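**Q** Take this structure, written in structure tokens, and hold onto it; I'll ask about it next.
The values are calculated or read from the model by the stated rules, or taken from the named source; none is laboratory data. This structure is a prediction, so every number in the text was calculated from the model and none was measured. Every residue, glycine among them, receives a Cβ derived from its backbone with ideal geometry; neighbour counts consider all protein chains shown.
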Amino acid sequence: MPTNNTKLQELIDSTIAQGASDLHLGQGSVPIIRVSGAMTPISQPILTKEDLLGFLDALMTPERKKSFLETQEVDFSYAYGEKARFRGNGYFERGRIGIALRLIPRVIRTLAELNLPPSIEQFSTREQGFFLVVGPVGQGKTTTLAALIEKINQERTEHIVTIEDPIEYLFENKRSLIDQREVRVDTHDFQTALDSLFRQDVDVVMIGEMRTPDTIATAVTAAETGHLVLSTLHTNNAVQTIDRIIDVFPAGQQDQIRIQLASSMAGIFSQRLVPRISGGLIPAYELLINNTAVANLIREKRTHEIQTLIETGIEEGMIDMNRSLAELVRSGQITVESAYSRSISPKTLERLL
């Protein structure tokens, strides 16, 4: 009989071999992987509670496992030798253990290899400002940020600090010095790590995710005070992102954060991974670049008008999501149905097609 550790290794090997992005392990279910966006069962026996408990032993420290069984939630990272690295989440559903593992490639791909637009390269050259990569879960936000960080690492002599929960991509110092801090391992929480930044001679900061008003406020302040700050949010587009940032603050603080955001924001990049007709996934995207007109609309509480600036700002390097989707359809890379399912404004997309 194979041990739980051996069984886990076989499942991970299968995940890597089939080019899957995720591996799902659930008590009372067969293992399932996600390939090119589709969930696919692995031909294996149904997993038992003993299987899952054994997987936990292999995936995390005894202390982290004990904490998970008490709190019923855990985020962690797992290095599978030199082959792969995973971001993991443990949870309970109907009293049963579940584990979701997201494959983090060892090699950090370039922006060009990720099929991302050359116009976002400009944000790797900024000395200061606030740049956000946004979109739903599983749309490649972290991978895009990693590509930007690696570009800075290769081309600039900076001190870069990442604050993550957990650490995903691993960087090696090239021209830059990179310190990667994991929440609950290297620092108590995001806010504590952010507060320490100002005493660490930092040039570039990458925040895995902004979760609280305090975190957002400190990040914006860092961008105002000479730092380049890169982060992510689970929002659908640039306009929604700006509104979300402002709305998380109490009414009495919203005017102040609006002014700060207008002056410190560099840009917002929204992306969606769309199934490619030839196989795999390809990104569709929207890019907002902050300029005088955008900043004025933010200050004047007219964020609903920003979408028009994106649609008409092609010469400045801005990219409209519907136009991006339409170009992918016209070039034969995605289906019309896939484009409509990713569009926030299908009527506008219809005119472009």
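**Q** Looking at Val133, Val137, which one is surrounded by fewer than 17 Cβ atoms within 10 Å (Cβ to Cβ) and either at pLDDT 95 or above or assigned by TED's automatic domain parsing to the domain that holds Arg342 (or both)?
**A** None of the other options fit; the residue is Val137.
**Q** Go through the range 314-347 and report how many residues are at pLDDT 95 or above and among the acidic types (Asp, Glu).
**A** 3
**Q** What's the total number of residues in the range 117-160 that are in a helix (DSSP H, G or I) and either within 17 Å of Ser231 (Cβ to Cβ) or not small (Gly, Ala, Ser) (or both)?
**A** Result for the range 117-160: 21.
**Q** Something else about it: What are the residues in the range 191-211 that are of a type in the set (S, T, N, Q) and either surrounded by fewer than 16 Cβ atoms within 10 Å (Cβ to Cβ) or in contact with a Leu (Cβ under 9 Å, 6 or more places away or on another chain) (or both), if any?
**A** Thr192, Ser196, Gln200
**Q** Just one of (1) farther than 22 Å from Arg34 by Cα; (2) outside the structural domain of Ala217 (by TED's automatic domain parsing) trips up Gly98, so point out which.
**A** For Gly98, the exception is condition (1).
**Q** Of all residues in the range 226-245 being within 27 Å of Val161 (Cα to Cα) and either polar (S, T, N, Q) or free of Cβ contacts under 8 Å to residues at least 40 places away in the same chain (or both), which is surrounded by the most Cβ atoms within 10 Å (Cβ to Cβ)?
**A** Ile245
**Q** Now, a different point. Among (1) touching an Asp or Glu at 6+ places or on another chain (Cβ under 9 Å); (2) assigned to a loop (DSSP other than H, G, I, E, B), there is one condition Gly332 misses while meeting the rest; what is its number?
**A** It is condition (1) that Gly332 fails.
**Q** Right, another one. Taking the options Ile32, Ile12, name whichever one is under 24 Å from the mean Cα position of the chain (by Cα) and over 27 Å from Arg272 (Cβ atoms).
**A** Only one candidate passes the filter, namely Ile12.
**Q** Can Ala293 be described as assigned by TED's automatic domain parsing to the domain that holds Gln122, small (Gly, Ala, Ser), assigned to a helix (DSSP H, G or I) and surrounded by 21 or more Cβ atoms within 10 Å (Cβ to Cβ)?
**A** Judged against the criteria, Ala293 is not a match.
**Q** Can you find a residue that is assigned by TED's automatic domain parsing to the domain that holds Leu145, small (Gly, Ala, Ser) and touching a helix residue (DSSP H, G or I) at 6+ places or on another chain (Cβ under 9 Å) anywhere in the range 252-259?
**A** Among the residues of the range 252-259, not one is assigned by TED's automatic domain parsing to the domain that holds Leu145, small (Gly, Ala, Ser) and touching a helix residue (DSSP H, G or I) at 6+ places or on another chain (Cβ under 9 Å), which makes the answer no.
**Q** Does any residue of the range 140-150 turn out to be under 26 Å from Asn290 (Cβ atoms) and in contact with a His (Cβ under 9 Å, 6 or more places away or on another chain)?
**A** yes
**Q** Considering only the range 168-177, I want to know if a residue exists there that is of a type in the set (Gly, Ala, Ser), crowded, with 20+ Cβ neighbours inside 10 Å, modelled with pLDDT of 90 or more and in the same structural domain as Gly280 (by TED's automatic domain parsing).
**A** No, the conditions are met nowhere in the range 168-177.
**Q** What residue, among those in the range 251-283 that are of a type in the set (Val, Ile, Thr) and either under 27 Å from Leu228 (Cα atoms) or in contact with an Asp or Glu (Cβ under 9 Å, 6 or more places away or on another chain) (or both), is surrounded by the most Cβ atoms within 10 Å (Cβ to Cβ)?
**A** Ile268
**Q** Could you list all residues from the range 309-345 that are basic (Lys, Arg) and either in contact with a helix residue (DSSP H, G or I) (Cβ under 7 Å, 6 or more places away or on another chain) or within 16 Å of Gly267 (Cα to Cα) (or both)?
**A** Within the range 309-345, Arg323, Arg342 meet the criteria.
**Q** Name the residues in the range 71-109 that are modelled with pLDDT under 90 and exposed (fewer than 15 other Cβ atoms within 10 Å of the Cβ), would you?
**A** Ala79, Gly81, Glu82, Lys83, Pro105, Arg106, Val107
**Q** Among the listed residues Leu53, Leu69, Leu101, Leu116, which satisfies the condition of being out of contact with any Lys or Arg (no Cβ under 6 Å at 6 or more places or on another chain) and within 19 Å of Gln271 (Cα to Cα)?
**A** Leu116
**Q** From the list Glu316, Glu286, Glu311, exactly one residue is acidic (Asp, Glu) and surrounded by fewer than 16 Cβ atoms within 10 Å (Cβ to Cβ). Which is it?
**A** Result: Glu316 is the single residue among Glu316, Glu286, Glu311 that is acidic (Asp, Glu) and surrounded by fewer than 16 Cβ atoms within 10 Å (Cβ to Cβ).
**Q** Of all residues in the range 297-329, how many are in a loop (DSSP other than H, G, I, E, B) and over 24 Å from the mean Cα position of the chain (by Cα)?
**A** Total meeting the criteria: 4.
**Q** Right, next: I'm trying to understand the selection: among the residues of the range 200-252, which are under 17 Å from the mean Cα position of the chain (by Cα) and polar (S, T, N, Q)?
**A** Thr212, Thr215, Ser231, Thr232, Thr235, Asn236, Asn237, Gln240, Thr241
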